[in-house]
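First up is the structure itself, then whatever we jot down about it.
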Amino acid sequence: MNISVVIPLYNEVESIGELCQWISRVMQQNKFTYEVLLIDDGSRDGSWDEVKRLSKENESIKGVRFQRNYGKSAALSQGFLLAQGEVVITMDADLQDSPDEIPELYKKVTNEGFDIVSGWKKKRHDPFIKRRTSKFFNWATRRVSRIKLHDFNCGLKAYKNEVIKAIEVYGEMHRYMPVMAKWAGFTNIGEQVVKHYPRKYGKTKFGLERFINGFLDLLSITFVSKFGKRPMHFFGLWGTLLFMIGFAIAGFLAYEKIFHEVYKMTERPLFYLGLLAMMMGSQLFLAGFIGELISRNSAHKHDYIVADKSGIISINDTP
Ligand code: UDP
Ligand code: MG
């Protein structure tokens, strides 16, 4: 199969019929074999009935329904689990992304060898405040990840199948798919200017909290990728340093007390600083140590990604 289109949807009953028609038209014109995976993220507006109707009409359309609203990342992750196409394309359900971009995206992945091609909504139809904060986010993400993309959070993206099977989207990490892909070793990341439309039906599903959450996610993704596998290198280092500073201060105070007979230690700010530094230092050290134990005990399926499976001999195969 050439293409899997993964579409997360939450209360988008008016749009999905139109969107599916548009997708099928594009696919037929280009003679692609394809599947459309509609992931209903706990909609309450009859979207699921619409999905069922659509999948009855067209066998390329498949649906999954969540019991409740888990968020866009969860929906994408479920879609990725099922996607069988050689190229996997994600797009929003609200008709803001155009299926007309699919052939070009597909070509870029198959012919030009990109692992990911991310859409770039050069001319956006979103409210002013969102465009501004988005600019800042993209700048910050570019700085942290060193990936040269203009628009990280574009819903319209194309991936090689092995890319989406290798990375895990949790929390609200859908904003940072290219970053996670890069850290998983898929560095060939491209960009394509795509058309963007104003929302035709319904309203946006993300409120103001998107900005705070987005920022926190950027912090945690940076931190986890740098120190997730070796917490001691962060906590241990700063813990030891802090403790040593505190110890030096305590030593100095003790020296003064013994040899210069300076009393009233507890009235000196330095005394408290030393105490604080030693306590914080040992806590940081402990946090690092516990983190190290945890990471040692958790066998994680996405720890290592094997690039070329052809040479592997399974242990079970040996006689
Ligand atoms: N979405 C989802 N679960 C959620 C929120 C959003 O599956 O909890 C879907 C939504 O239906 C749409 C896409 O994610 O297909 C993007 O959402 P939206 O258009 O509201 O975001 P915006 O365009 O405002 O960034
Ligand atoms: Mg939208």
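The values are calculated or read from the model by the stated rules, or taken from the named source; none is laboratory data. None of the values given here were measured: they were computed from a predicted structure. We place every Cβ from the backbone using ideal geometry, glycine too, and count neighbours over all the protein chains shown. Keep in mind that these areas ignore ligands, DNA and RNA; they rest on the heavy atoms of the full protein, side chains included. Shrake-Rupley method; radii C 1.70, N 1.55, O 1.52, S 1.80 Å.
State the number of residues belonging to region 176-208 that are open to solvent by 20 Å² or more (accessible area, probe 1.4 Å) and either touching a residue at least 60 places away in the same chain (Cβ under 8 Å) or within 16 Å of ligand 2 (Cβ to nearest atom) (or both). I'd like the intermediate steps shown before the answer.
Taking region 176-208 and keeping what is open to solvent by 20 Å² or more (accessible area, probe 1.4 Å), we get 180, 182-189, 191, 193, 195, 197-208.
Narrowing further to those that are either touching a residue at least 60 places away in the same chain (Cβ under 8 Å) or within 16 Å of ligand 2 (Cβ to nearest atom) (or both): 184-189, 191, 193, 195, 197-208.
Adding up the residues that qualify gives 21.
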- Item | Residues satisfying the stated conditions in region 19-33, i.e. open to solvent by 70 Å² or more (accessible area, probe 1.4 Å), over 11 Å from Ile61 (Cβ atoms) and in a helix (DSSP H, G or I) | Arg25, Gln28, Gln29
- Filter region 164-175 down to residues that are open to solvent by 30 Å² or more (accessible area, probe 1.4 Å) and among the charged types (D, E, K, R) and give me whichever is farthest from the chain's Cα centre (by Cα). Lys165
- Exactly one of (1) within 16 Å of ligand 2 (Cβ to nearest atom); (2) more than 23 Å from Lys122 (Cα to Cα); (3) modelled with pLDDT of 90 or more is unmet by Lys165. Its number? (1)
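Out of the residues in region 73-100 that are in a loop (DSSP other than H, G, I, E, B) and within 16 Å of Met1 (Cβ to Cβ), which is nearest to ligand 2 (Cβ to nearest atom)? First the steps, then the outcome.
First pass over region 73-100, keeping only residues in a loop (DSSP other than H, G, I, E, B): 83-86, 91-96, 98.
Narrowing the set further to residues that are within 16 Å of Met1 (Cβ to Cβ) leaves 83-86.
On the way: Ala83: 21, Gln84: 26, Gly85: 23, Glu86: 27 Å.
Here the residue is Ala83.
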- Those residues of region 212-253 which are in contact (Cβ under 8 Å) with a residue 40 or more places away in the chain, hydrophobic (A, V, I, L, M, F, W, C) and open to solvent by less than 30 Å² (accessible area, probe 1.4 Å) amount to Leu218, Ile221
- Since Ser145 meets every condition but one in (1) touching a strand residue (DSSP E or B) at 6+ places or on another chain (Cβ under 6 Å); (2) modelled with pLDDT under 95, which condition does it not meet? (1)
- Query: Looking only at region 154-190, which residues are within 16 Å of ligand 1 (Cβ to nearest atom) and under 10 Å from Ile116 (Cβ atoms)?
  - Reply: Lys157, Met177
- For region 254-275, pairs from a residue that is within 17 Å of Leu242 (Cβ to Cβ) to a residue that is open to solvent by 100 Å² or more (accessible area, probe 1.4 Å) and of a type in the set (A, V, I, L, M, F, W, C), with Cβ under 9 Å and 6 or more apart or across chains, are Gly274/Phe247
- Message: Among the residues of region 52-91, what is the count of those that are of a type in the set (Gly, Ala, Ser) and under 22 Å from Asp217 (Cα atoms)?
- Response: 6
